[in-house]
Amino acid sequence: MSTTLSDARLVTPEGVHDGWLTIEDGRITHIGRGAAPGNGESLGGGTLVPGFVDIHTHGGAGGSYPSGDPGAARQGAEFHLSHGTTTSLASLVTAGLDDLERAAAALAELCDDGVFAGIHFEGPYISAARCGAHDPELLREPSRAEVARLIKAGRGHVRMLTIAAELPNALDVIRDVTAEGVVAAVGHSDADYDQTLAAIEAGATVATHLYNALPPLGHRAPGPIAALLQDERVTIELINDGVHVHPAMLGLAMTVAGPDRTALITDAMAATGMGDGAYRLGPMAVNVEHGVARLADSGAIAGSTLTMDVAFRRTVQVVGRSLTEAARMAGLTPARALGLSADIGSISVGAYADLVVLDDDLRVTRVMKRGSWR
């Protein structure tokens with residue numbers, strides 16, 4: 001059965017144009033300019049962008065992915081879907097190995113069902129000096145055997161591992177996981193410039209929330225941020241919520257890396273969409289005030305209450321990037337980082353019909369996943 005969406009402003013990898021597209025069996029089969037041939041479902045001149053791809057998120061709508069509760073995880077995923085995120089990873093935080101294995105096993109079931117595109121281990125192999133909202137008592141030195149256990153628990157659904165480049169055995173673990181098809185990401189790291197370059201040479205291809213939980217840029221000691229920004233093999237994650245990173249620094253990173261290497265993420269936690277109050281991020285107690293999540297004991301930023309539509313909108317309206325660039329950073333670039341760009345992340349013939357309709361203020365009005373309105 002064929003469906004045509006017409007009267008839309010399409011944001012494609014090639015640019016923005018008024019036109020239409022046709023969908024068959026959940027995939028885009030034709031894209032055209034101007035008026036659609038025959039009758040189609042009018043989108044009333046709305047802006048049509050690819051479904052957002054969030055490669056770093058911990059939950060939403062009260063549901064926490066690190067809890068390992070399938071019902072809570074579905075709840076979070078459905079909430080983010082309503083805000084345009086049609087593909088996401090379920091990100092875990094530092095915990096005991098048994099707890100991580102149990103959570104990965106539970107989330108693997110949801111990956112089987114298509115709720116998530118994979119699992120992301122953010123910890124426990126990160127720096128105590130840059131641990132942020134992770135429990136420092138549960139941090140561990142990287143172990144090739146332990147990482148193999150975690151990957152096995154995910155039953156082929158582990159997509160990404162964040163690791164501090166300077167830790168013992170880190171380079172061996174990066175080589176191991178990339179050989180298994182898992183993306184190695186440098187983050188929560190106190191590494192210097194050369195240690196970070198070594199991690200990239202070993203196979204690391206993502207920078208976990210650039211700027212945050214990393215040493216700052218220095219003109220004599222450039223540190224990991226410079227190494228990650230300058231290397232063409234690395235995709236950088238950015239949290240554009242108005243809290244984590246100043247717009248000027250977002251613009252700097254986007255200019256240096258370009259839209260083809262910049263991935264917008266939320267780093268959202270369970271409080272997203274729920275309002276202020278007391279929550280948990282894995283084992284850590286979190287207070288949310290005025291939409292900002294911080295650890296109850298130290299006040300450190302603890303994830304975000306961001307959604308991808310807000311990140312997209314801020315990238316255009318605050319940072320000043322074009323619709324095409326923002327759509328690439330929210331869709332095609334993160335999809336490519338996961339090796340999924342043939343199927344998701346762009347309005348292209350052959351791709352899944354994962355689509356978001358935006359109004360004139362770039363707010364979500366409708367969401368389609370795999371050719372069905374949600």
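The values are calculated or read from the model by the stated rules, or taken from the named source; none is laboratory data. In this text, all values refer to a predicted model and were calculated from it rather than measured experimentally. A quick note on method: Cβ atoms are made from the backbone with ideal geometry, for glycine too, and the neighbour counts reach across all protein chains shown.
Just checking, which of Gly282, Gly345, Gly277, Gly331 is at pLDDT below 95 and not hydrophobic (A, V, I, L, M, F, W, C)?
Criteria check complete, one pass: Gly282.
Can you tell me how many residues in segment 198-228 are part of a helix (DSSP H, G or I) and either surrounded by fewer than 21 Cβ atoms within 10 Å (Cβ to Cβ) or of a type in the set (Val, Ile, Thr) (or both)?
7
Which residues, taken from segment 235-285, are part of a loop (DSSP other than H, G, I, E, B), free of Cβ contacts under 8 Å to residues at least 24 places away in the same chain and small (Gly, Ala, Ser)?
Matches in segment 235-285: Gly258, Gly275.
For segment 300-311, which residues satisfy the criterion of being in a strand (DSSP E or B) and either hydroxyl-bearing (Ser, Thr, Tyr) or free of Cβ contacts under 8 Å to residues at least 40 places away in the same chain (or both)?
Within segment 300-311, Ser304 is the sole residue that qualifies.
Would you call Gly118 under 21 Å from the mean Cα position of the chain (by Cα), small (Gly, Ala, Ser) and crowded, with 16+ Cβ neighbours inside 10 Å?
Here the answer is yes, as Gly118 does meet what is asked.
On the given criteria, is Asp297 surrounded by fewer than 18 Cβ atoms within 10 Å (Cβ to Cβ), in the same structural domain as His188 (by TED's automatic domain parsing), of a type in the set (Asp, Glu) and outside any strand (DSSP E or B)?
The answer is yes for Asp297.
Okay, residues lined up against (1) over 24 Å from Ala300 (Cα atoms); (2) among the polar types (S, T, N, Q); (3) part of a helix (DSSP H, G or I); (4) at pLDDT 95 or above:
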| residue | (1), (2), (3), (4) |
| --- | --- |
| Ala72 | yes, no, yes, yes |
| Ala77 | yes, no, yes, yes |
| Thr87 | yes, yes, no, yes |
| Leu92 | no, no, no, yes |
| Ala104 | yes, no, yes, yes |
| Val115 | yes, no, no, yes |
| Ala129 | no, no, yes, yes |
| Glu141 | no, no, no, yes |
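In segment 14-66, which strands (runs of 3 or more DSSP E) lie fully inside it and hold 1 or more residues that are free of Cβ contacts under 8 Å to residues at least 24 places away in the same chain, β-branched (Val, Ile, Thr) and out of contact with any Lys or Arg (no Cβ under 8 Å at 6 or more places or on another chain)?
The strands (runs of 3 or more DSSP E) meeting that bar are 15-24.
Quick test for you: out of Ala342, Ala351, pick the one residue that is at negative phi and in contact with a strand residue (DSSP E or B) (Cβ under 8 Å, 6 or more places away or on another chain).
Being at negative phi and in contact with a strand residue (DSSP E or B) (Cβ under 8 Å, 6 or more places away or on another chain) holds for just one of Ala342, Ala351, which is Ala351.
In segment 306-320, how many are more than 14 Å from Val53 (Cα to Cα) and surrounded by fewer than 24 Cβ atoms within 10 Å (Cβ to Cβ)?
So the answer is 7.
Would you be able to say whether some residue in segment 183-192 is more than 22 Å from Glu325 (Cα to Cα), under 19 Å from the mean Cα position of the chain (by Cα), surrounded by fewer than 20 Cβ atoms within 10 Å (Cβ to Cβ) and touching a residue at least 12 places away in the same chain (Cβ under 8 Å)?
So far as segment 183-192 goes, no, none of its residues is more than 22 Å from Glu325 (Cα to Cα), under 19 Å from the mean Cα position of the chain (by Cα), surrounded by fewer than 20 Cβ atoms within 10 Å (Cβ to Cβ) and touching a residue at least 12 places away in the same chain (Cβ under 8 Å).
Could you figure out which of (1) within 30 Å of Thr3 (Cβ to Cβ); (2) in contact (Cβ under 8 Å) with a residue 40 or more places away in the chain; (3) surrounded by fewer than 24 Cβ atoms within 10 Å (Cβ to Cβ); (4) not assigned by TED's automatic domain parsing to the domain that holds His30 isn't true of Ala342?
Tallying (1) within 30 Å of Thr3 (Cβ to Cβ); (2) in contact (Cβ under 8 Å) with a residue 40 or more places away in the chain; (3) surrounded by fewer than 24 Cβ atoms within 10 Å (Cβ to Cβ); (4) not assigned by TED's automatic domain parsing to the domain that holds His30, Ala342 fails exactly one: (2).
Which residue out of Thr57, Thr12, Thr22 is in the same structural domain as Pro259 (by TED's automatic domain parsing) and modelled with pLDDT of 95 or more?
Only one candidate passes the filter, namely Thr57.
Are any residues in segment 154-189 in a helix (DSSP H, G or I) and of a type outside the set (Val, Ile, Thr), and if so, which ones?
Across segment 154-189, the qualifying residues are Ala170, Leu171, Asp172, Arg175, Asp176, Ala179.
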